[in-house]
Amino acid sequence: MQTLQGIAVSPGVAIGEALVVDNEGVRIPQRFVAREAVQNEIERLSDAIAGADEEIAANRDTVTQQLGKHYGAIFGAHLRMLHDARLRREIEGLIRQNHYSPEYAVSRIMRRYAKVFQSLDSAFMKERATDIFDIEKRLLKHLLGDRSENVSQLTSPVVLLAHNLTPSETANLDRDFTRGFVTEVGGPGSHTAIVAEAMHIPAVVATGQFLTDVSGGDLIIIDGNHGRVILQPDEETIARYRHEVEEHRTLAARLRPLANKPAITEDGTTIHLYGNIEFPYEVKECNASGADGIGLYRTEFLYLNAKTEPTEETHFEAYKKVLLAMAGKPVCIRTLDLGAEKLLEVPSPEDERNPVLGLRSIRLTLRNVPLFRTQLRAILRASALGKIRVMFPLITTLKELRQAKMLLTDVMEDLEEQNIDFDRNIEVGMMAEVPAAVIFLDRFVDEVDFISIGTNDLIQYVLAVDRSNKDVAHMYTASEPSVLRLLRSSIQTAIKSNTPVNICGQMSGNTLYTMLLLGFGLQQFSVPPASLLEIKKVICSVSIKQCQRIARRVMTKENAQEIRSYLKDELRKQVPELVP
Ligand code: PEP
Ligand code: MG
């Protein structure tokens, strides 16, 4: 048994067999073979080696012919590795003695070798690990033939292990059979993390290198609550985690009745609780948990499975679906927030070295007016069918906000001319997630109907910490006093001007901060659907007076760690069942 520590990004526990995604997502379907099948399996291994040999030799010849002997020699080296007598002996040994299937034996031995190379100091030798993975892939391809499985279409439950997963790859995972995933890199605020949570897939990122320690088919536990990954757990650990899963189920069942109750504090303040969604199907859970509406619809996710740019109709149909499902409750559509690590996997131009500070989000849509207009038309057309709010992301300057609003007015005029129905009084808001806008918020509030604070980006920009970089993940936290001070002042600025304000960053779905935010005066939260009931539980268990006292105490403290442990103690006192 081996335990790895990473960052918990999507809650829950997953126990299952590993599928190592860097083997082109192939699945090792069976780890053991019957004693009497051993000889046959050894023959299958020989056939696979022969098949791989043919392929590599053909590659060597083509490359030598086209590029010269020097390059062809790379494949010559692969051939020597493939036929290495010791390697062969070790793989066969696992099949004969442990009754491993050839696939599993190949994967275990090749990974052991790759690990040795990776641990060497020389960069040249480290690179040889890639060659070993290449040979492993070939052998597995020959062994599995048609039986290989793609991660978007699995046939039985697995936990996925990968070096990295992009948000699009994550969104394309098979939701029925992906129990959880672990990646070696990644950060706490990345969109991969947000997508995992939306899909209810427990996930841990940023464990550091470990893929050479596992093989497809190994038993793995993913603890998405504490960021732990346990390789080949013992019986006692499995039993402990099974118990935790059961306890969580019981808590969820106990919270369920709250779905039909309003979120009112003990001293009578009504709080509005909205859901954050990325996919239309998530409205079901928002409704089941009694959400007051959708506070953030991340529409850039319409691009996920699209081969071509979504048309006005594609946008319109998605919005219509969400609106109708929400049956009259407000739906806040955020215009496209593409770029940076989000969903645009085009190679960055050379001068896009800091994509997070580059041409993303509203900056990108204002430069691509036809793309922006298409979306705005769809939003406006949908506004005739229910209560839509429209919101602009990443606003930095007043000029930018005015340009976006002007474009919206322009599209309204077009629709009017064409006699197409829309809501002329549609509410227009902005995300406060760039420090410049937050600092200047008292001027912005005069020009919008509402403000939504995006703490995911705000934290990254205030602390100068990339939200998806594991190496600085320990610095990425909402509990830094500087971040909290900005949040408190933004909420107060909005309240002073009677501008409705909510927080839609991940922080608002974390029960640790609920009392603090109530104490700051926040009366609207927009949270991931899975957090709705827990947040409501906290709201219904506390008074605003208590929360204000907690907020005052927090603001006297000067470090994040101290603030977190104080908030945890207070939460434990008020709502013990939420702090195991
Ligand atoms: C945020 O930045 O807090 C936010 C809600 O938007 P996203 O996570 O999509 O950037
Ligand atoms: Mg953001």
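What the table shows:
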| read-out | value |
| --- | --- |
| Full-stretch length increase - residue 543, residue 369 - with 0.36 nm per residue and alpha-carbon distance subtracted | 57.9 nm |
| Long-range tail of P(r) for the stretch 35-144 (Cα pairs > 17 Å, %) | 56 |
| Estimated FRET transfer efficiency (residue 397, residue 3; beta-carbon r; R0 35 Å; 0.05) | 0.15 |
| Cα centre as origin, Lys/Arg/Asp/Glu Cβ charges: the stretch 261-575 dipole, Debye | 1160 |
| Burial ranking of peptide ranges 405-413, 321-329, 528-536 (average Cβ count within 10 Å, highest at the top) | 528-536, 321-329, 405-413 |
| Summed side-chain charge close to residue 569 - residues other than residue 569 whose Cβ falls under 13 Å, Lys, Arg +1, Asp, Glu -1 | +4 |
| At 1.002 mPa s and 20 °C, Stokes diffusion of the stretch 261-575 via Kirkwood alpha-carbon radius, µm² per second | 107 |
| Extreme residue, positive dipole direction of the stretch 35-144, given options 98, 76, 125 (C-beta unit charges) | 125 |
| Set of the stretch 474-497 residues, backbone N closer than 18 Å to the point 7 Å along the Cα-Cβ line of residue 566 | 477-489 |
| Over 36 Å [Cα-Cα, the chain], rounded percent | 42 |
| Efficiency of FRET between residue 474 and residue 442 - r from beta-carbon atoms, R0 30 angstrom, step 0.05 | 0.35 |
| Under 12 Å, Cβ to Cβ, from residue 462 - net charge with Lys/Arg +1 and Asp/Glu -1 | -1 |
| Listed residue (374, 428, 515) projecting farthest to the positive dipole end of the stretch 261-575, Cβ model | 515 |
| Cβ-Cβ FRET estimate between residue 270 and residue 320, R0 fixed at 30 Å, reported to 0.05 | 0.55 |
| Residue among 296, 50, 173 farthest towards the positive dipole end of the chain, charges placed on Cβ | 296 |
| Tensor-based shape of the stretch 132-213 (alpha-carbon gyration tensor, a/c under 1.5 rounded, otherwise prolate or oblate) | oblate |
| Highest to lowest packing among 280-288, 552-560, 234-242, 384-392, scored as the average C-beta count within 10 Å | 384-392, 280-288, 552-560, 234-242 |
| Estimated dipole of the chain in Debye, rounded to 20 [Cβ of Lys and Arg +1, of Asp and Glu -1, Cα centre] | 1400 |
| Beta bridges per DSSP with both ends in the stretch 261-575, % antiparallel, nearest 5 | 5 |
| Beta bridge orientation in the chain: antiparallel %, DSSP, nearest 5 | 35 |
| Nearest-20 debye value, the stretch 384-465 charge dipole, Cβ charges on Lys, Arg, Asp, Glu | 340 |
| Of the DSSP H helices in the chain, those whose Cα atoms cover at least 18 Å axially and whose Kyte score averages -1.0 or more | 38-67, 69-82, 102-118, 123-144, 312-326, 369-382, 398-417, 481-496 |
| Over the stretch 116-164: Kirkwood hydrodynamic radius from C-alpha pairwise inverse distances, Å | 13.2 |
| Stretchable slack from residue 125 to residue 353, in nm (0.36 nm times residue separation minus alpha-carbon distance) | 79.2 nm |
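We did not get these values from a lab; they are worked out from the coordinates using the rules stated. None of the values given here were measured: they were computed from a predicted structure. Backbone-built Cβ (ideal geometry, glycine too); neighbour counts: all protein chains shown.
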